[in-house]
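First the structure, in the form of structure tokens, and then the observations on it.
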Amino acid sequence: MTKNDVLYSKTHEWIKVEGNHAKVGISSYAAMHLGDIVFFDLPSVGKTYHKDDVFAAVESVKSASDLYLPVSGKIVKVNDALSTQPELVNLDPFTNWIVEIELSNLNEVQSLLDITAYENTLE
């Protein structure tokens, strides 16, 4: 998975939709600006969120930030490796997703940005 294979929110989360499931992570831009990531506060499997709800938090040596779910859904899997190795996201933010969700409203995906539109928001 690369930056071109996913969709983005304006708050720097990415999403890779596969059927009615999707993996969610943070963009390389976000990972770079956070600096060295030292901790993730991850959600519980089974918890349901609405679009733009805070679903997790990330702490780095520079700051702490909330993460917002780009679409509504239920957490079906959490990347537990991030509990002990949060720095994996700095190494490769696209391979090291944060959660997998079951989408509750596939139409919400239409409001997300492709790589060109996302990079335009960074300028």
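The values are calculated or read from the model by the stated rules, or taken from the named source; none is laboratory data. Here the structure is a predicted model, which means the values were calculated and not measured. Every residue, glycine as well, gets a Cβ built from its backbone with ideal geometry; the counts of neighbours run over all protein chains shown.
Is it the case that Thr95 is in a helix (DSSP H, G or I) and of a type in the set (Ser, Thr, Tyr)?
Details: in a helix (DSSP H, G or I): no; of a type in the set (Ser, Thr, Tyr): yes.
So Thr95 does not fit the description; no.
So which residues in region 31-42 are of a type outside the set (Phe, Trp, Tyr) and surrounded by fewer than 20 Cβ atoms within 10 Å (Cβ to Cβ)? Working first, answer last.
Residues of region 31-42 of a type outside the set (Phe, Trp, Tyr): 31-38, 41-42.
Within region 31-42, Met32, His33, Gly35, Asp36, Val38, Asp41 meet the criteria.
Residue check: is Glu59 of a type outside the set (A, V, I, L, M, F, W, C) and under 18 Å from Leu112 (Cβ atoms)? Full working, then the answer.
Working: of a type outside the set (A, V, I, L, M, F, W, C): yes; under 18 Å from Leu112 (Cβ atoms): no.
When the stated conditions are applied, Glu59 does not pass them.
Contact list please: Cβ distance under 7 Å, first residue in region 74-103 and touching a residue at least 60 places away in the same chain (Cβ under 8 Å) and among the charged types (D, E, K, R), second residue in a loop (DSSP other than H, G, I, E, B) and surrounded by fewer than 19 Cβ atoms within 10 Å (Cβ to Cβ), pairs at least six apart or on different chains.
Glu102/Asn20
Counting only residues that are more than 17 Å from Lys74 (Cβ to Cβ) and out of contact with any strand residue (DSSP E or B) (no Cβ under 7 Å at 6 or more places or on another chain), which one in region 98-114 is surrounded by the fewest Cβ atoms within 10 Å (Cβ to Cβ)? Step through it out loud before you land on a result.
Our first condition is that a residue be more than 17 Å from Lys74 (Cβ to Cβ); within region 98-114, this holds for 110-114.
Checking which are out of contact with any strand residue (DSSP E or B) (no Cβ under 7 Å at 6 or more places or on another chain) leaves us with 110-111.
On the way: Gln110: 8, Ser111: 12.
Ranking the candidates gives Gln110 first.
Inside region 78-106, can you point out the residues that are modelled with pLDDT of 95 or more, more than 16 Å from Ile26 (Cα to Cα) and out of contact with any Lys or Arg (no Cβ under 9 Å at 6 or more places or on another chain)?
Answer for region 78-106, where residues must be modelled with pLDDT of 95 or more, more than 16 Å from Ile26 (Cα to Cα) and out of contact with any Lys or Arg (no Cβ under 9 Å at 6 or more places or on another chain): just Thr84.
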